[in-house]
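Following: one structure in structure tokens, then a few remarks.
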Amino acid sequence: MNAFWCETAIITGRVRDSVRIEETDGVITAVQIGAEADAADVRLPGLVLPGLANGHSHAFHRALRGRTHADGGTFWTWREQMYRVAAALDPANYFELASAVFAEMLQAGYTAVGEFHYVHRMPDGTPYPDGAELERAIVAAAQSVGLRLTLLDSLYLGGGVGGHGLEPAQRRFSDRSVEGWAQRRDSVHGGPLIRFGAAIHSVRAVPPALFAEVGATSRGMPLHAHVSEQPAENAAALAATGRTPTELFADAGLLGADFTAIHGTHLTTTDVALLGDAGAAVCFTPTTERDLADGIGPARALADAGARLSLGSDQNAVIDPFEEVRGLEMNERLASGERGRFTPAELLAAASANGYRSLGWDGGRFEVGSVCDLVSVDTATPRTAGSAPDQLWLAATSADVTAVVVAGVLRVEGGQYAGGDVGALLRQAIAKVTTTP
Ligand SMILES: [Zn+2]
């Protein structure tokens, strides 16, 4: 059993002083407000938030940061650069890269990640001798860093809506069949910090005729899919099937509480109603959506319709949970001409509890039964000094995180990841999968 004493904490939307949290085996067993600290308690200074969930990541995309801005282009030209990094991955260098990226996430205040993983085979498309070597590398990376992980193993079979074949760069993404994918996916095992989910990469990559089979092999798991990130994806789906991507997922019976639509940028009013009525989640990735010129999705309309909003870093051009939160609200302000589109409580739910639920965990709450993941924010930095305590975290950045607890273990202290210099770890790992221009 460990106990943490928080100077202040935000509990169900209110700032509370002197909060003592006890945990056993990584799960909260007691919460006392206005409590004295015991001598053995781990003291968390500043403002403590529930753990922040990164609902959608592709760890290896981190290698592209600061390398894609020279020649303009579109989502599709960015994708060509991304494919070159994907081609360079092997189990050893991906363990190193994912470890460094997960360490960056932890130090930034993320306590859980949903890794949407679609590079499964060797570059020429043949399986690894032990099957799931890249998946095991990602699981080992999260375990070594101490970041909670849901591995969202993605099915990827084709190169476009309507049965296009795979491009050469896409061969290593494909297991060739739903059965082959499910067998490889289910051969990976984890530990206390690890869970598994399923993913359909997108309507571009999986024929809709197979969606129901995917659902049958994935019952009880989180199921994620990229949905309507780009207008061209919608146009191709409509041309091939007469249905939007969301309608195709609905037709197959996949929309429900376990389903998370990633992006949902270009949705029709019918799509919004389908996702809301199903109680599905929609994960916004604002720093990626603006970087890739995707557009602004209908976040407020989705929440009003009944969808649960969560947040993710996606391509990891930015790893900062506070910046994703601001992006969700600020994009809405720009699109609507109104301020305060989401309450601070709604924003914290998107950054925390909703993300945990989307990844298959009970977390993001200062309550008995929730996983004991905590993030402490410094209240006296140049960014946070003078802010009202209940809104201070909306002014913070990842640089203001001082302490991070995952499953009752202090992993970041004094703003530093316990396992080493994150910048140096990233520099070494990225050098192995990129060529210097
Ligand atoms: Zn993505």
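The values are calculated or read from the model by the stated rules, or taken from the named source; none is laboratory data. Given the structure is predicted, the values throughout are model-derived calculations rather than measurements. Note that we place each Cβ from the backbone using ideal geometry, even for glycine, and neighbour counts take in every protein chain shown. Note: accessible area is taken over every heavy atom of the protein model, side chains too, but ligands, DNA and RNA are not part of it. Shrake-Rupley method; radii C 1.70, N 1.55, O 1.52, S 1.80 Å.
Quick check on my filter: what residues within the stretch 202-216 are farther than 21 Å from R172 by Cβ and either open to solvent by 50 Å² or more (accessible area, probe 1.4 Å) or in contact (Cβ under 8 Å) with a residue 40 or more places away in the chain (or both)?
Pass one, the stretch 202-216, residues farther than 21 Å from R172 by Cβ: 208-209, 211-213, 215-216.
The answer is P208, A209, F211, A212, E213, A216.
Here S202 fulfils each of the conditions (1) more than 23 Å from A273 (Cβ to Cβ); (2) touching a helix residue (DSSP H, G or I) at 6+ places or on another chain (Cβ under 8 Å) apart from (1).
When the helices (runs of 4 or more DSSP H) confined to the stretch 38-147 are screened for residues that are more than 15 Å from the ligand (Cβ to nearest atom) and of a type in the set (S, T, Y), those reaching at least 2 such residues are found at 91-108. Out of T270, T246, one residue alone is touching a helix residue (DSSP H, G or I) at 6+ places or on another chain (Cβ under 9 Å), within 30 Å of G327 (Cβ to Cβ) and either open to solvent by 60 Å² or more (accessible area, probe 1.4 Å) or within 16 Å of the ligand (Cβ to nearest atom) (or both). It is T270.
Is it fair to say A257 is away from the ligand (no atom under 15 Å from the Cβ), out of contact with any helix residue (DSSP H, G or I) (no Cβ under 6 Å at 6 or more places or on another chain), open to solvent by 20 Å² or more (accessible area, probe 1.4 Å) and within 23 Å of P321 (Cα to Cα)?
Values: away from the ligand (no atom under 15 Å from the Cβ): yes; out of contact with any helix residue (DSSP H, G or I) (no Cβ under 6 Å at 6 or more places or on another chain): yes; open to solvent by 20 Å² or more (accessible area, probe 1.4 Å): yes; within 23 Å of P321 (Cα to Cα): no.
No.
For the stretch 1-23, filtering for residues that are surrounded by fewer than 16 Cβ atoms within 10 Å (Cβ to Cβ) and either in contact (Cβ under 8 Å) with a residue 24 or more places away in the chain or not in a strand (DSSP E or B) (or both) leaves 5.
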